[in-house]
Each structure stands twice: as structure tokens, then as C-alpha cells.
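Q: The structure is given below, and queries will be raised subsequently.
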Amino acid sequence: MKINNHIISLHLFSNKWNNKKWMLLLLLPSYFLNSCDSFVEVGLPNSQLTSQGVFEDKATANAAMVDIYNKIRDNGLLTGNSSGISNQLGNYTDELICYGSTASASIDFYNNALVATNSNISGVWNGSYNQIYGTNSVLEGVKNALALPASDRDQLTGEALFVRALIHLYLTNLFGDIPYITTTDYKQNNSPKRIPQTEVYDKIKTDLKQAIELLPESYVSTEKVRPNKYAAIALLARVDLYSENWAEALENASKVISNTTLYKWTSLDKVFLKNSTTTIWQLMPAVKGKNTFEGETFIFTAGPPPLTALSSGLMDAFSMGDLRKSWWTKAVTNGTDTWYHAYKYKEFQNTVTSLEYSIILRLAEQYLIRAEAKAHLNDALGASQDLNAVRNQAGLGNTTAITIDELLEAVLKERRLEFFTEFGHRFFDLKRTNTLDSALTGVKLGWDAKDHLWPIPATELAVNPNLRPQNPGY
């Protein structure tokens, strides 16, 4: 097996490495996150462990799971650095303007000029399946860990299923039909086949429903860095929305919203702080005092911007009095020109203690999921009430939308203003509502119908014919 920066490709799951060696690799950088500002490194015991031995001990079993969260934070599609989809899909759609050089990793995304040999595309694919492989290692190890208390087995199993579903959800919405990997068996993983996106969604739902049954209602960490039952329900609500299961989306979003003990509205200046009451699940920085990659990626202090700036189209979409514009964006001028950057995360340097964590799931999404679901179920009053809950938090009055079509359009606009530079919500929303072409044609000069999907990495197609054919247009 070739290992490069811990990236493991599907075709590299060979018998040259067994589970024992994988787990030894997996645990080396692990951190056990169990208290406020606690960044205690968990190393391997002095004795050599087999993969199964790792899961017989609560501390190392937890470390194996936490290591996956570390990898999600540091690389792959959900990282907040410039290679993650918050930046790249912002460039790909109409959220960001790229100011990087022609050598910038973002320029091909901004110009909608992706090719199958793009190294960032390969990085997303390989990093994601690396993380999925890690979840399967946890699932298999915990299943046979007889010495591990049942509550810990359930917690770890639920977390691994949640993460496996999460990553597959993003992959299928980027690449279309994909393999759904549920094992560490190299014989099965050597040449996996792509399955239709509808089947991928079915498997995602199965994983999430099992995770919901296993995960506790409360968090095992005070900082919401380990998912609980409601994190899985929140993600399932999104899956239901994407697959147009309106009644189920309404029901699941309502379960999260109704838990006012765990989740409640707060002022916009507190939404992206680490202790926000609207956070459902977040990722902790690597070391004490570090903040988010998102802050480092999007904030700049002088113009012209070194990487990206918010587009004029996005800035013009804010209504007068929208507090999100004043709190979540910031202007930078050189005296002649003015640029804006995302300012949701306000820290881009280290602080004495970490002030901001990368938030993956938060309460506002659940209100907008429910609003959209209610609109599709012809509950115009209920849809407007949920839409107004988000608008009012932003300092805006109630919506003027009345008809179902008007409400659906209003929800889509609200999602644009609420979730900009957050994990590609804009791209996925336009895609699922069949408005990608109408929104981006003429706005993005390189936009083409093929851009609905990313190309399967050429390196993967070369070694695994089961991934063929390539996505159309590539």
C-alpha cells in the first residue's frame, strides 16, 4: 500500500497492509477530546497492540474515533482550509471571487475548468474514502470488543455510522454515483463499483437511523465535538430534504428544534463561538489556543485579497438592515477599492484559549429545512413562521412571501444569506432545486451543464474499471 500524507485511495486497499498496521497508523496522531480546552494526546501503550486490542480499551477506542474527526478537520472535503469545499464550492458557484494567482488551487474551481487530473479533486476523493475506511475500522473493531462496556460500544458505533453517512452524502452530491464502502476487507475494496445515487441515499439513511438508535441524547463532551442523537437526526433531516421526503424532513427537523434544552437561538455575534447554543455539532482545533481554518482562509486585512473575496452578487443580495451583513461580513479598503470577506469566524490567529470551533451542523438549518418542507406540504403559514424565525434573528421583518412558490423562493434566498461559505450549501441548494444553470449561466463565464458533477479522478479510473464510465463531459 502506498501511503502519502495519510491519504488512502480505494484502489490502494491491498493485502500488503492488514488491519493491525492500519490501526497502528490510525492511532499515532490521535487526541482524546473530553473537556473544555483539553487537548490530551493519547499515545499507544508500551505493548504492541493488535487492531482488536485497541478497541478493548475505552481510551484507545475513543482515540481511534477522535482521530477521524481530526482528519476531517485537517484534510478532505470538510476541512476549513483553502482545499475544502467551503472555499472551493464558494469559488465554483457565485459566492466568491478568486484573487489567487494562476497557480492557485482554487483557480480551476473559479473558472469552472475542472479536469479529471485535478489534484484537489483527487485529494477530496482519497481523503474522504480514507476517513470512511477509518469509520469501518471502528465499526468492525468495536463490534468484537467484548471488554468494552455496551454503552461505549453503542456510542462509538453510532458515531462511526454518522460520519460514514455524512461523508458519503457529500461525495454523492459532488460525484453522483459512487461506491458505498462498508468494510475494511481489501478484497471488496480493491475494485468497488459505483452504485446509483438513489441507492447511496438509501444506505445513508440506513446508517443514520441506526446511529439515532445508538447515540445518547446528551453529548459525551460539553463542547459538542462528539455527535449525539440529535446530530444524527439533524443530518437525516437534510438527507430527507435532499431526497424530497417532505414529511420526514419536517418530522426530523422538528425533533431537533423542539429540544430547547440543548438548542436555542442566540445573537448573531455568538453563533460561531465555540459555546454557541445554536451549534449541533462542531470540530475542535488541534491545539489549545488555535481557532478555525475558516478564519485563516477567508479573513484578510489588506487589499487586494490574497485568495478570495465575497462576490458583489452575494453582497447585493442582503436586504437593508440584515444583521448578517454587518456581523458576518467585513469590508477591507485600500482607499480606492473595497472588498468584503466572510467574517463569521473572527479569529485568524491563535488566542490564549480557543474561542471558535468549526461548526458543521447548526440550528438555523433545521428551521429552514422545516420551512421548505412545510411549503411543499402546502402549509404556507407554518412555512412562513419558520422562515420568519431565521429572518427575525437577522434583524429582518417577517417575509412578504404568500404563495407556495414565493415561499420556496424566499427560503432558497434565506439559505443563500445564512449559509454562505459553509460547506457548499449554495451549490447543493441550486443543484437539488434544478436552478444551477439558471443561477450561474452568464454569472460564471466558464459554467457548463457538465459542472453539475465533479469528475471522477483519473487515477481512480485507471486502476479500477468498475468506476467507469467517467461523469459526462469529462
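Values quoted throughout were computed directly from the atomic coordinates according to the rules given, and no laboratory measurement underlies them. Quantities reported herein were computed from a predicted structural model and do not represent experimental measurements. Cβ: placed from backbone, ideal geometry, glycine included. Neighbour counts: every protein chain shown.
Q: Using Cα atoms only, what is the angle between the long axis of helix 246-257 and the major principal axis of the chain, expressed in degrees (0 to 90) to the nearest 10?
A: 80 degrees
Q: Can you give me the relative contact order of segment 216-420 as a percent, contacts being Cα pairs under 8 Å and 6 or more apart?
A: Averaging sequence separation for qualifying contacts and normalising by length gives 24 percent for segment 216-420.
Q: By how many degrees, 0 to 90 and rounded to 10, does the Cα axis of helix 363-376 deviate from the longest principal axis of the chain?
A: 70 degrees
Q: A further question follows. Below 8 Å, C-alpha to C-alpha, sequence gap of six or more: please give me the relative contact order for the chain in percent.
A: 18 percent
Q: What number, in percent, do you get for the relative contact order of segment 399-474 if the mean sequence gap of Cα pairs under 8 Å and at least 6 apart is divided by its residue count?
A: This gives 16 percent for segment 399-474.
Q: Report the label-to-label distance for Asp316 and Ile404 in nanometres (one decimal), using points 7 Å from each Cα along the Cα→Cβ vector.
A: For the pair Asp316/Ile404, the computed spacing is 3.2 nm.
Q: Could I ask something else about it? Ranked highest first by the average count of other Cβ atoms within 10 Å around their residues, in what order do 311-323, 111-123 fall?
A: Going by the mean number of other Cβ atoms within 10 Å, highest first, we get 111-123, 311-323.
Q: Rounded, prolate or oblate: which one fits segment 331-474, using the alpha carbon gyration tensor with axes a ≥ b ≥ c (rounded when a/c is under 1.5, else prolate when a/b beats b/c, else oblate)?
A: oblate
Q: Longer than 29 Å from Cα to Cα, which of Lys255/Lys346; Lys71/Lys205; Lys229/Lys374; Lys344/Lys413 are they? Say none if no pair is.
A: On the way: Lys255/Lys346 31 Å; Lys71/Lys205 23 Å; Lys229/Lys374 23 Å; Lys344/Lys413 18 Å.
In this structure, Lys255/Lys346 exceed 29 Å between Cα atoms.
Q: Given H placed on each backbone N at 1.01 Å, which residues far from Leu361 in sequence or on other chains put an amide H within less than 5 Å of it?
A: The answer is Ile280, Trp281.
Q: How would segment 395-440 be classified by its alpha-carbon gyration tensor: rounded, prolate or oblate, with rounded meaning a/c under 1.5 and the a/b versus b/c comparison settling the rest?
A: oblate
Q: Could I ask something else about it? For segment 380-442 and segment 151-225, what is the separation of their Cα centres, given in Å?
A: 28 Å
Q: If we count every other residue with Cβ under 13 angstrom of Thr198's Cβ, Lys/Arg +1 and Asp/Glu -1, where does the sum land?
A: Here the charged neighbours net out to -1.
Q: When the helices in the chain are scored as -39500 (n - 2.57) per DSSP H run of 4 or longer and the sum is shared across all residues, what 222 nm value do you end up with, to the nearest 500 deg cm²/dmol?
A: My calculation for the chain gives -14000 deg cm²/dmol from helical runs alone.
Q: Additional query: Taking Lys450 as the anchor, which aspartates and glutamates have their alpha carbon closer than 13 Å to its alpha carbon, excluding any fewer than eight residues away along the same chain?
A: Asp437
Q: I need the shape label for segment 216-420. Rule: rounded when a/c is under 1.5, else prolate if a/b > b/c, else oblate, with a, b, c from the alpha carbon gyration tensor.
A: Cα axes put segment 216-420 in the oblate bin.
Q: To continue, here is another question. Give, in nm to one decimal, the length gained when the segment between Lys187 and Thr338 is fully stretched (0.36 nm per residue of separation minus the Cα-Cα distance).
A: Between Lys187 and Thr338, full extension yields 48.8 nm more.
Q: Taking the Cα atoms only, what angle lies between the long axis of helix 58-74 and the longest principal axis of the chain, rounded to 10 degrees?
A: 40 degrees
Q: About the Cα centre of segment 115-194, how large is the charge dipole given +1 on each Lys and Arg Cβ and -1 on each Asp and Glu Cβ? Please answer in debye to the nearest 20.
A: 220 debye
Q: Lys187: which lysines have alpha carbons under 24 Å from its alpha carbon, excluding same-chain residues fewer than 8 sequence positions away?
A: Straight-line reach from Lys187, under 24 Å: Lys2, Lys16, Lys20, Lys21, Lys143, Lys203.
Q: Tell me the label-point distance for the pair Ala247, Val463, using the 7 Å Cα-to-Cβ offset, in nm and rounded to one decimal.
A: 4.6 nm
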